[in-house]
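Working notes for the structure below.
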Amino acid sequence: DSIIAFDSELSFITASLRQTTKHKGLSLGDRACIALGIKLQAPIYTADKIWAELNIDKADIKLIR
């Protein structure tokens, strides 16, 4: 386990997702999660089907059900 700081880079990525995701009703926490996946170049696992409908560059979103 590790703790990753919500630093300026992560906050800028999160903010940049607002325009792309606001029509789907994603929260700040949702966008922060996606931003972290983008920053770490890691898959982003979710059960929220709306996330799979998003077209976000560099975001590898995977539905778990």
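Sequentially through segment 38-50, phi angles give Karplus couplings (6.51, -1.76, 1.60; θ = phi - 60°) of 5, 4, 7, 6, 10, x, 10, 8, 8, 9, 7, 4, 4 Hz, Gly and Pro residues having no value and appearing as x.
In the chain, the alpha-carbon atoms span a convex hull of 85 Å³ per residue. Counting only protein heavy atoms and using a 1.4 Å probe, the accessible area of Asp30 comes to about 40 Å². Here the accessible area is traced with a 1.4 Å probe on the protein chains. For the chain, carbon and sulfur cover 52 percent of it. Dipole orientation for the chain: of the candidates Ile61, Leu10, His23, His23 has the Cα lying most toward the positive pole (charges on Cβ; Lys, Arg +1; Asp, Glu -1). Simple point charges give the picture: +1 on the Cβ of Lys and Arg, -1 on the Cβ of Asp and Glu, and for the chain a dipole about the Cα centre of about 260 debye. In this structure, the amide hydrogen of Ile44, modeled 1.01 Å from its nitrogen in the peptide plane, lies closer than 5 angstrom to those of Asp60, Ile61, Lys62, counting only residues at least 5 positions away or on a different chain. Per-residue SASA remark: Arg31, around 30 Å² accessible (1.4 Å probe; ligands, DNA and RNA not included). For the chain, the solvent-accessible area with a 1.4 angstrom probe is 71 square angstrom per residue.
The values are calculated or read from the model by the stated rules, or taken from the named source; none is laboratory data. Nothing here was measured: the structure is a model prediction, and the numbers come from that model. Because the Cβ atoms are built from the backbone with ideal geometry, glycine has one as well, and the counts that use them run over all protein chains shown. Side chains are part of the model used for accessible areas, which takes the heavy atoms of the whole protein and leaves out ligands, DNA and RNA. Shrake-Rupley method; radii C 1.70, N 1.55, O 1.52, S 1.80 Å.
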